[in-house]
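For reference, the structure discussed in these notes is given below.
The values are calculated or read from the model by the stated rules, or taken from the named source; none is laboratory data. Small disclaimer: the values here were computed from a predicted structure and weren't measured. Cβ sites come from the backbone with ideal geometry, for glycine too, and all protein chains shown count toward neighbours. SASA here: full protein model, heavy atoms, side chains in, ligands and nucleic acids out. Shrake-Rupley method; radii C 1.70, N 1.55, O 1.52, S 1.80 Å.
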Amino acid sequence: MALRWTNTLTRDDVTPEAVFLNRRQILAGLGAGAMTGLSAPAQAQAGLEPNDWDDITSYCNYYEFGTGKSDPSKNAHMLTTSPWTVTIDGLVERPGDYALEDILSQMTIEERIYRFRCVEAWSMVVPWNGFELADLLDLAGVKPGANYVAFETVYRPEEMPGTRFPVLDWPYVEGLRLDEARHPLTIMATGLYGRDLPNQNGAPLRLVVPWKYGFKSIKSVVRITLTEDEPPASWNRANPREYGFYSNVNPNVDHPRWSQATERKIGAGLFARRQPTLMFNGYEEDVAALYKGMDLAEFF
Ligand code: MTE
């Protein structure tokens, strides 16, 4: 936590890979080198061409604002995102309500480019910025005995027209195992292209777990609870046969209703070739150890 948060980056700062890598080296030099432990493939992913701002902000899933891909971009402006408080509770040393401003003032700035694939077999490459979830957990101090991290999205029916429909059990909830949550690739995103996160993408604070399907990336988080037992996850609760708790990107396990072996990059054009989906979304070298000895067809 050597650097204080600033949010003055522009799109130009993050788009060219050279600038991106250079910035990371500068950060590493300042003692904030959280990326240095990551493998070459994960770093190489930074070289992927990011989707443009319009694709990322107009093709969204945020059912609290409607189930159509363009509904969130039309409706999410209704959500008040400032001030914002995150309650951190459960098995932590310092439970309480944390103002987002206070959290950010203690965080190291991080920008990365993540490949982001969703269960609909589409993918996007998104230059998120944010901070590592592990740093936030350390602020609150995880107690021994905690095995999982539970997350909850804000629930405000008056600002979220989609919650009038019982598509899911509101509020939207998600969970990670503690070691997944502490992995350096797991971030809390607060921005895109160095700008503030648009509401439809989960402002002001959303989870990003790049080796899992997109639905694990819970938006507009207001509560984080450290638990002993596996917490509920919205899609798993809605349809446990189709959506497992782990939800790792695994092309070898088909969704019961469609294949997940290939994906199509959004914005690549209608006739772009589908590409094979990579195990753990291409982050196998970084995260496979988390699942050693687990049968990933059983724990899907
Ligand atoms: N979080 C909440 N609160 N509500 C949602 O409907 N949809 C999930 C996830 N987080 C969702 C959510 C799904 S299915 C996906 S694919 C990603 O958000 C999409 O994130 P994006 O719109 O920023 O691409």
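Values computed for the structure shown
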quantity	calculated
Residues being more than 18 Å from Ala76 (Cα to Cα), of a type outside the set (Phe, Trp, Tyr) and under 10 Å from the mean Cα position of the chain (by Cα) - total across the stretch 189-220	6
Residue match in the stretch 211-221 (condition: part of a loop (DSSP other than H, G, I, E, B), among the β-branched types (Val, Ile, Thr) and farther than 29 Å from Glu111 by Cα)	no
Strands (runs of 3 or more DSSP E) wholly inside the stretch 97-188 containing at least 2 residues that are closer than 22 Å to Lys74 by Cα and touching a residue at least 40 places away in the same chain (Cβ under 8 Å)	122-126
Counted residues, the stretch 63-97 - those being charged (D, E, K, R) and either away from the ligand (no atom under 12 Å from the Cβ) or more than 21 Å from the chain's Cα centre (by Cα) (or both)	5
Test for Asp89: is it acidic (Asp, Glu), open to solvent by 40 Å² or more (accessible area, probe 1.4 Å) and modelled with pLDDT of 50 or more	no
Residue count, the stretch 208-252 (criterion: more than 25 Å from Pro127 (Cα to Cα), away from the ligand (no atom under 13 Å from the Cβ), touching a Phe, Trp or Tyr at 6+ places or on another chain (Cβ under 7 Å) and without any contact (Cβ under 8 Å) to a residue 60 or more places away in the chain)	1
Residue satisfying all of: in the stretch 244-290; among the small types (Gly, Ala, Ser) and at positive phi; farthest from the chain's Cα centre (by Cα) among these	Gly269
Residue selected from the stretch 180-202 under the condition hydrophobic (A, V, I, L, M, F, W, C) and more than 10 Å from the ligand (Cβ to nearest atom), by the criterion farthest from Trp170 (Cα to Cα)	Leu185
When residues of the stretch 225-264 are limited to those that are aliphatic (A, V, I, L, M) and outside any loop (DSSP other than H, G, I, E, B), the one surrounded by the fewest Cβ atoms within 10 Å (Cβ to Cβ)	Ala238
Sole residue being buried (at least 20 other Cβ atoms within 10 Å of the Cβ) and of a type in the set (Ser, Thr, Tyr), chosen from Ser82, Ser73, Ser58	Ser73
Enumeration of residues in the stretch 133-179 that are open to solvent by 50 Å² or more (accessible area, probe 1.4 Å), under 18 Å from the mean Cα position of the chain (by Cα) and within 13 Å of the ligand (Cβ to nearest atom)	Glu152
